[in-house]
């Protein structure tokens, strides 16, 4: 059957809208290393203080993901519009030299606004029959946009100390917000009365969250010490930044791997294969003695990570009646990021790359049985065969 241009456009429309919304939701976390460096230079604080100040954005995201799902279902258009306007304002005002307390308040508000974008995508994809394909495309497109903007911003001479990074974020919010504003129109009608029927396979959800903890802790841990690893093999900080940003940009293509026809009905095997690739890439990254292996290790780590995220997000959405489960996943995510960042930092300092490899091996090995059990679709839940 031939696909008409109109039919293709109709399918592309919702995907583009959700991708723009998700890109705005993850923009702050993706660019966090650059934001921390910029805050240090412009506010004249040390790295610890800058991390805490920009970390207020993460606190805002966590609070928003807990509070906003119920509110977003009642007034989706009003909340989405207000969040987009406030987010653009927060990014623009952050370009000014501000008192520390004001800057922290702006980052907290920005985090709440980003959470609204995440919540809306979760609500729109809840129980969606084509969630797996859509999640792959949303992760890919949003990732390419955010990583692309990140890469461009790092090329500015004063990116680490000037206002360009905040102005770029404000422009990105304005441009993507025009499209993301339409996200509430994609909400399923049943999302209003979801409280009447909740049939979650909560055991499967908890197991999936266990895999989240494993893969996010490894991803965050490697990212946290990547600059130190680059320095160890003789790379300059600008060289490391370019290699990491480009590997992140290309790594988002891993999100479409689960949609490959040969893998679409084998979610469990896809996740196990991606976990194995993550472990091999971590070993490659920390035993690298050249820029090429450094880049390949990070690229494969990112690609495998986003393959797993596409599968797990669609698995959760298939049982998520109102977007609440996906919002809770964000809370689990940040706990895992904190665990991985602290754990990898201590291990790298005490035992070098070998310590991080062992940490990754244990975390990823523990995720294997959790992923296999979670992705065996329970009776009564519409899903593809797990294996």
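Overview of values
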{"quantity": "Filter pass, residue 180 being at pLDDT 80 or above, assigned by TED's automatic domain parsing to the domain that holds residue 314, surrounded by 20 or more Cβ atoms within 10 Å (Cβ to Cβ) and closer than 29 Å to residue 152 by Cα", "calculated": "no"}
{"quantity": "Single residue of 349, 298 found to be at pLDDT below 80 and in a helix (DSSP H, G or I)", "calculated": "349"}
{"quantity": "Hey, residue 267 buried (at least 24 other Cβ atoms within 10 Å of the Cβ), within 27 Å of residue 118 (Cβ to Cβ) and in contact with a helix residue (DSSP H, G or I) (Cβ under 8 Å, 6 or more places away or on another chain) or not", "calculated": "yes"}
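The values are calculated or read from the model by the stated rules, or taken from the named source; none is laboratory data. Keep in mind it's a predicted model, so treat the numbers as computed, not measured. Cβ coordinates were reconstructed from backbone atoms using ideal geometry, including for glycine residues, and neighbour counts include every protein chain displayed.
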